[in-house]
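S.K.: The following block contains the structure, expressed as structure tokens.
The values are calculated or read from the model by the stated rules, or taken from the named source; none is laboratory data. All figures in this text were calculated on a predicted structure; none of them were measured in a lab. Cβ sites come from the backbone with ideal geometry, for glycine too, and all protein chains shown count toward neighbours.
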């Protein structure tokens, strides 16, 4: 019996020694840094606020540090009913509509002229030089204006294709408001916008 107890004690010492050796070996292995999680925007990039004093969009611009940044920018107000609606009307050079499959990625790039990016369907991820990322979803509008600097990345994410409308603005005086709602050269008598009458209706049950 005494010999059996000695053998069990010796075996336990051997197992303990092996465990210590294994722990020491693991402590000498190089630590693998965990992948940094970059937070995405949780709030709408283009909040809808008909009662606002001005139509506001996210503004992507090139900063003095050479990197692109995102801020909220109020646009010139050209119409709307105070407390109920707000609008802005600007000059544009051309309009482009495109569909893109998920997974497409464009590395850091800027824009040649300011333009609105309007997401009609799907999701678009915008990445900045500081590692921050913003997800544009259906209805979001961004004024891409980083004509200088490092630029931004673009990635189509999610399970569905992306549909985006690009409205390019003039290179100079990009945010100059267009005060006249009528097309250039059209008599005001023929301009539908001049003769619209907007009435407030009540939904059934109110």
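S.K.: For region 76-98, give me each residue that is more than 15 Å from residue 176 (Cβ to Cβ) and in a loop (DSSP other than H, G, I, E, B).
M.R.: Applying the first criterion (more than 15 Å from residue 176 (Cβ to Cβ)) to region 76-98 yields 79-87, 94-98.
Across region 76-98, the qualifying residues are 80, 81, 82, 83, 84, 85, 86.
S.K.: Determine which member of the set 80, 139 is without any contact (Cβ under 8 Å) to a residue 40 or more places away in the chain, surrounded by 12 or more Cβ atoms within 10 Å (Cβ to Cβ) and closer than 30 Å to residue 196 by Cβ.
M.R.: Details: 139 fails: without any contact (Cβ under 8 Å) to a residue 40 or more places away in the chain.
Selected residue: 80, the only one of 80, 139 that is without any contact (Cβ under 8 Å) to a residue 40 or more places away in the chain, surrounded by 12 or more Cβ atoms within 10 Å (Cβ to Cβ) and closer than 30 Å to residue 196 by Cβ.
S.K.: Given the condition in contact with a helix residue (DSSP H, G or I) (Cβ under 6 Å, 6 or more places away or on another chain) and part of a loop (DSSP other than H, G, I, E, B), answer yes or no: does some residue in region 174-181 qualify? Please lay out each step first, then the result.
M.R.: Keep residues of region 174-181 that are in contact with a helix residue (DSSP H, G or I) (Cβ under 6 Å, 6 or more places away or on another chain), which gives 181.
Next cut, part of a loop (DSSP other than H, G, I, E, B) only: 181.
The answer is yes; a qualifying residue exists.
S.K.: Modelled with pLDDT of 95 or more, assigned to a strand (DSSP E or B) and touching a strand residue (DSSP E or B) at 6+ places or on another chain (Cβ under 8 Å): is that true of residue 111 in this structure?
M.R.: Working: modelled with pLDDT of 95 or more: yes; assigned to a strand (DSSP E or B): no; touching a strand residue (DSSP E or B) at 6+ places or on another chain (Cβ under 8 Å): yes.
No: the conditions fail for residue 111.
S.K.: Still on this model: Scan region 49-76 residue by residue and report those that are free of Cβ contacts under 8 Å to residues at least 40 places away in the same chain and under 21 Å from residue 193 (Cβ atoms).
M.R.: 50, 54, 55
S.K.: Which one of 185, 205, 131, 122 is within 23 Å of the chain's Cα centre (by Cα) and at pLDDT below 95?
M.R.: Numbers: 185 fails: within 23 Å of the chain's Cα centre (by Cα); 205 fails: within 23 Å of the chain's Cα centre (by Cα); 122 fails: at pLDDT below 95.
After ruling out the rest, the residue left standing is 131.
S.K.: Something else about it: Could you list, ordered by first residue, the pairs with Cβ atoms under 7 Å in which the first is in region 167-185 and free of Cβ contacts under 8 Å to residues at least 60 places away in the same chain and the second is in a loop (DSSP other than H, G, I, E, B) and surrounded by 12 or more Cβ atoms within 10 Å (Cβ to Cβ), at least 6 apart or interchain?
M.R.: 171/113; 182/191
S.K.: Could you check how many residues of region 99-108 are free of Cβ contacts under 8 Å to residues at least 60 places away in the same chain and either assigned to a loop (DSSP other than H, G, I, E, B) or over 19 Å from residue 127 (Cβ atoms) (or both)?
M.R.: So the first thing to find is which residues in region 99-108 are free of Cβ contacts under 8 Å to residues at least 60 places away in the same chain, and the list is 103-108.
Still in the running and either assigned to a loop (DSSP other than H, G, I, E, B) or over 19 Å from residue 127 (Cβ atoms) (or both): 103-104.
Going through region 99-108 one residue at a time, the tally reaches 2.
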